[in-house]
Amino acid sequence: MNQKESNRIEAFRQLKTEIRNSPRHLIVGIDVAKERHHAFFGTAYGKTVHK
């Protein structure tokens with residue numbers, strides 16, 4: 001694994017940790033593979049904001 005890839009992986013891990021431990025972030029999930037699209041908005045703590 002080269003240094004550039006290692007830095008990207010470490011940055012991703014740090015961002016993931018920040019999101020999991022912060023009430024300021026909103027998680028958005030979108031499923032566009034179906035005829036009718038579905039979306040989900042929730043907090044990092046697992047609380048659903050809107051479905």
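The values are calculated or read from the model by the stated rules, or taken from the named source; none is laboratory data. Nothing here was measured: the structure is a model prediction, and the numbers come from that model. Virtual Cβ from ideal backbone geometry, glycine too; neighbours counted across all protein chains shown. The protein model used for the area step is the full one, side chains on, heavy atoms only, and it has no ligands, DNA or RNA in it. Shrake-Rupley method; radii C 1.70, N 1.55, O 1.52, S 1.80 Å.
Each residue in the range 27-38 was checked for being closer than 17 Å to K51 by Cβ and open to solvent by 100 Å² or more (accessible area, probe 1.4 Å), and 4 of them qualify. When the range 1-50 is filtered for residues that are aliphatic (A, V, I, L, M) and either assigned to a strand (DSSP E or B) or in contact with a Cys (Cβ under 8 Å, 6 or more places away or on another chain) (or both), the ones remaining, listed by number, are L26, I27, V28, I30, A39, V49. For the range 7-22, the criterion of being touching a residue at least 12 places away in the same chain (Cβ under 8 Å), open to solvent by less than 60 Å² (accessible area, probe 1.4 Å) and either out of contact with any Phe, Trp or Tyr (no Cβ under 9 Å at 6 or more places or on another chain) or not hydroxyl-bearing (S, T, Y) (or both) is met by at least one residue.
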